[in-house]
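Q: Have a look at this one.
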Amino acid sequence: MLNQTDTPETVRLSDSINDEEIKYVKERKTLIKKWLKGQGIDCELEDVPNIALLGSGGGERAAVGMLGSLHQLEQDNLLGSLLYMCGVSGTTWCMSSLYSDPDWSLNKRCNEVIKTLKGPTVNLSKAVEWLKLRKEENQDFNLTDFWGAFTASYYMKEMNTRRLSEEAHRNSTNPYPIYSAIELEHKKLGCTKGVWFEMTPHESGFSGLGAFVSTSCLGSQFEGGALREKRKEMDMVLLQGICGSAIADTQRNNAEVLQWIWDLLLGHESMMLKENMNMVERSGKVKVCECVPSRVVRCVSELIKYAEDPDPLKTREVITTLGQLLEGLVSSKGEMLWNMDPESWKRTSLVERKKFIETVSLELILSSDSWAKDWKDKRCNCNGWWILKNISPLVQTWEWGTTSNFLFKVQDARVPESMASKEKIHLVDAALKINSPYPSVLRTSRKVDLIISLDFSEEDPFETVFSAKKYADELKLPFPPVKESVREEKDHPQDCYVFEGQRTEEPTIMHMPLFNLRNCHDEKGFKKERENYKTFQLHYGAPEIDHLLEKAQDNMRNNRDRILGQIIMAIQRRKKGMSVAQ
């Protein structure tokens with residue numbers, strides 16, 4: 001059996017938190033004690049409650065919602081109460097941006113990130129440059145690399161290449177960050193203990209198994225619990241790709257995912273065209289790449305633009321150009337588009353034309369490898385050419401989150417054979433299991449007293465709570481009672497629910513749905529907000545971001561006194577010996 005060790009080059013098997021986190025927690029709680037005194041609350045250090053802020057997944061909606069919530073917590077002077085900050089999926093995008101500043105909770109970093117979100121996307125060349133480097137350095141290059149690059153450049157609009165372990169030696173100014181993912185194969189196997197994967201500045205690993213490795217060694221090759229080959233740790237771009245890769249779920253419609261990739265490509269192409277137009281205005285000159293892939297992307301962009309136009313001639317002209325570019329180089333399904341005679345095209349309904357265009361545009365991605373081989377302009381180094389040539393084949397293999405398994409050939413009772421026998425694991429979006437990072441804070445060694453759960457989910461706002469309760473029940477972890485009847489309010493939720501811990505070791509949960517009857521006014525308004533902010537859609541414009549920030553801030557502002565009240569109750573529980581820490 002492997003014992004707990006402080007050596008970063010070996011695997012640690014233990015349910016306890018590591019020594020570095022223990023040190024950070026102690027220093028952070030000293031600051032929280034000072035914060036409490038500033039609120040007129042005096043208590044001993046051992047009575048300072050462990051408070052965790054959880055942010056659910058939900059794509060850009062979650063990232064913006066988390067930003068708005070944190071901004072208001074800062075305005076209301078409540079940030080100083082938090083010991084842990086945990087995220088899944090879109091919330092981790094927000095966290096990765098905020099924590100680029102070592103002192104973000106003390107300054108105006110939230111404002112800076114908001115400003116960046118409203119600004120232009122990152123130039124496509126920077127994203128491709130990052131992808132090229134990843135492909136050269138990593139034999140496990142897969143769709144998560146692609147998704148990370150575009151998550152960072154398209155949604156968060158920054159390519160932050162720092163590494164999580166670089167935060168290991170920071171002071172305790174900010175809440176301790178915990179990022180979450182899951183292991184895809186064990187999720188499919190239904191192995192609850194071997195699914196949840198957490199990443200912190202000091203250590204990363206399986207929360208349920210109690211199996212960890214130094215974060216600086218995550219991705220390196222291990223065998224039998226010992227380091228075999230040190231490899232470069234993933235940066236925050238790839239971490240965002242892993243944490244936000246809900247589309248990796250094979251249960252999703254592949255056509256929908258492929259369409260999303262087209263949308264990303266077309267969005268960047270549109271940005272480049274706008275930049276070119278600005279160049280025309282400034283200098284009277286414009287440089288537009290005329291290679292085949294760039295022209296194909298522009299044609300598809302035009303097709304999708306005119307798909308709902310009642311005039312069939314507009315799409316017909318684009319189809320003719322596309323046919324000239326790719327005739328004889330794509331499958332029969334692709335050629336169907338330009339082989340249809342003009343009169344038949346005119347007679348098709350608008351709905352039929354739109355569906356037909358979507359089908360063919362997806363087929364172009366799937367078959368791009370075949371028509372790429374015959375491009376005459378191979379000397380072209382444009383980004384569209386590189387993406388279609390290198391990413392399209394990955395869509396067909398559908399491989400996500402591949403990384404070296406540090407538990408490979410580890411012989412220990414807590415490590416299942418299904419895990420120890422695999423040289424590689426696949427880390428993907430934790431929302432595919434539980435759309436909120438409860439498992440990390442339910443570890444009894446973290447002794448969390450109060451959980452503030454911010455729910456940015458698209459569907460049932462209570463699903464995260466019940467999924468977490470199921471997880472806790474399976475692993476026999478403490479969890480407060482939650483009445484099944486609360487689900488009856490899923491289409492008209494309140495702004496805050498308190499699920500109070502009844503037993504000594506149970507934490508109390510404050511659960512706060514993003515959209516609710518209070519900030520949406522009524523059920524009709526609630527439904528409208530959910531329809532306007534879908535998880536899978538093009539990035540929001542400035543007005544949509546401002547509106548979403550306002551909704552999230554309303555929640556925090558409206559519940560400030562309730563949060564403070566629960567903090568006081570958590571202190572009282574500790575003083576009375578009714579705390580998980582006792």
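Q: In terms of Cα to Cα distance under 18 Å, which aspartates and glutamates are near enough to LYS188, apart from those fewer than 8 places away along the same chain?
A: The reachable aspartates and glutamates, counting only those whose Cα sits under 18 Å from LYS188, are ASP249, GLU399, GLU417, GLU423, ASP429, GLU474.
Q: Could you name the aspartates and glutamates whose alpha carbon sits less than 13 Å from that of LYS314, not counting residues in the same chain fewer than 8 places away?
A: GLU302
Q: Something else now. Diagonalise the Cα gyration tensor of the range 448-497 and give the resulting equivalent ellipsoid semi-axes, square root of 5 times each eigenvalue, largest first, whole Å.
A: In descending order, the three semi-axes are 20, 13, 10 Å.
Q: Just to confirm the number: angle between the C-alpha axis of helix 292-306 and the first principal axis of the chain, 0 to 90 degrees, nearest 10?
A: 80
Q: Using only the alpha-carbon atoms, how far is helix 523-532 inclined from the longest principal axis of the chain? Give it as 0 to 90 degrees, nearest 10.
A: That works out to roughly 60 degrees.
Q: While we're looking at this one, here's another question. Report the antiparallel proportion of the DSSP beta bridges in the chain as a percent, rounded to a multiple of 5.
A: 60
Q: So who's got an amide H within less than 5 Å of the one on TYR176, skipping anything under 5 residues away but keeping other chains? H placed 1.01 Å off N, in plane.
A: Here TYR84, MET85 satisfy the definition.
Q: Oh, and also: With a 1.4 Å probe and all protein chains left in place, how much of the accessible area of the chain comes from carbon and sulfur atoms, in whole percent?
A: The nonpolar share, carbon plus sulfur, comes to 49 percent.
Q: How much solvent-accessible surface does CYS191 expose, in Å² to the nearest 10, with a 1.4 Å probe and all protein chains in place?
A: Number for this one is 40 Å².
Q: Put THR161, THR92, THR121 in order of accessible area, largest first, 1.4 Å probe: what do you get?
A: THR161, THR121, THR92
Q: Taking the structure as given and computing semi-axes √(5λ) of the Cα gyration tensor in Å, which label from (1) 65, 23, 21; (2) 61, 51, 21; (3) 44, 28, 22 fits?
A: Answer label, from the structure shown: (3).
Q: A further question follows. What do the square roots of 5 times the Cα gyration tensor eigenvalues come to for the range 481-582, in whole Å, largest first, as semi-axes of the equivalent ellipsoid?
A: That gives 32, 16, 12 Å for the three semi-axes.
Q: Continuing with this model, one more query. Tell me, what is the percent relative contact order of the chain, built from C-alpha pairs under 8 Å that lie six or more residues apart?
A: Averaging sequence separation for qualifying contacts and normalising by length gives 21 percent for the chain.
Q: Then there is this: At a probe size of 1.4 Å, how large is the accessible area of PHE479, to the nearest 10 Å²?
A: That residue has around 20 Å² of solvent-accessible surface.
Q: Still on this structure, I have one more. How large is ³J(HN,Hα), in whole Hz, for each residue of the range 24-38 in order, when computed from phi with the Karplus curve 6.51 cos²θ - 1.76 cosθ + 1.60 and θ = phi - 60°, using x for Gly and Pro?
A: Taking θ as phi minus 60°, the curve returns 4, 4, 4, 5, 5, 5, 5, 5, 5, 4, 5, 4, 4, 4, x Hz for the range 24-38.
Q: Quick one: how many lysine pairs in the range 482-582 have C-alpha atoms under 23 angstrom apart, if they're 8 or more apart or on different chains?
A: Here the count comes out as 10.
Q: How large is the accessible surface per residue of the chain, computed with a 1.4 Å probe and reported in Å² as a whole number?
A: Accessible surface, normalised per residue, equals 42 Å².
Q: So, taking all protein chains as they sit and a 1.4 Å probe, how much accessible area belongs to ASP42, in Å² rounded to tens?
A: Accessible surface of ASP42 is approximately 110 Å².
Q: Return the aspartates and glutamates within reach of LYS476: Cα separation strictly under 14 angstrom, same-chain partners fewer than 8 residues apart disregarded; answer none if there are no such residues.
A: In chain and number order, the partners are ASP15, GLU505, GLU506.
Q: Specify the angular offset, from 0 to 90 degrees and rounded to the nearest 10, of the alpha carbon long axis of helix 254-283 from the longest principal axis of the alpha carbons in the chain.
A: Taking Cα atoms only, the helix is inclined about 70 degrees.
Q: Return the FRET efficiency for the residue pair ARG557, THR444: r is the Cβ-Cβ distance, R0 is 45 Å, and the value is rounded to the nearest 0.05.
A: The value I calculate is 0.85.
Q: Provide TRP196, TRP398 ordered by accessible surface of protein heavy atoms (probe 1.4 Å), highest first.
A: Of TRP196, TRP398, the descending order of accessible area is TRP398, TRP196.
Q: Follow-up. With an 8 Å cut-off on Cα pairs and a minimum separation of 6 or more residues, tell me the relative contact order of the range 459-548 in percent.
A: 21
Q: Under the 0.36 nm per residue contour assumption, what length would be gained going from the current alpha-carbon distance of HIS492 and ARG162 to full extension?
A: Fully extending the segment from HIS492 to ARG162 adds 114.7 nm.
Q: Here's another thing I want to ask about it. Any idea what Rg and Dmax come out to for the range 146-210 if you just take the C-alpha atoms, in Å?
A: That works out to 14.7, 40 Å for Rg and Dmax.
The values are calculated or read from the model by the stated rules, or taken from the named source; none is laboratory data. These numbers were taken from a predicted model, which means no experiment stands behind them. No Cβ is skipped: glycine too gets one built from the backbone with ideal geometry, and neighbour counts run over all protein chains shown. For the accessible areas, the whole protein counts, side chains as well, though only heavy atoms, and no ligand, DNA or RNA atoms are used. Shrake-Rupley method; radii C 1.70, N 1.55, O 1.52, S 1.80 Å.
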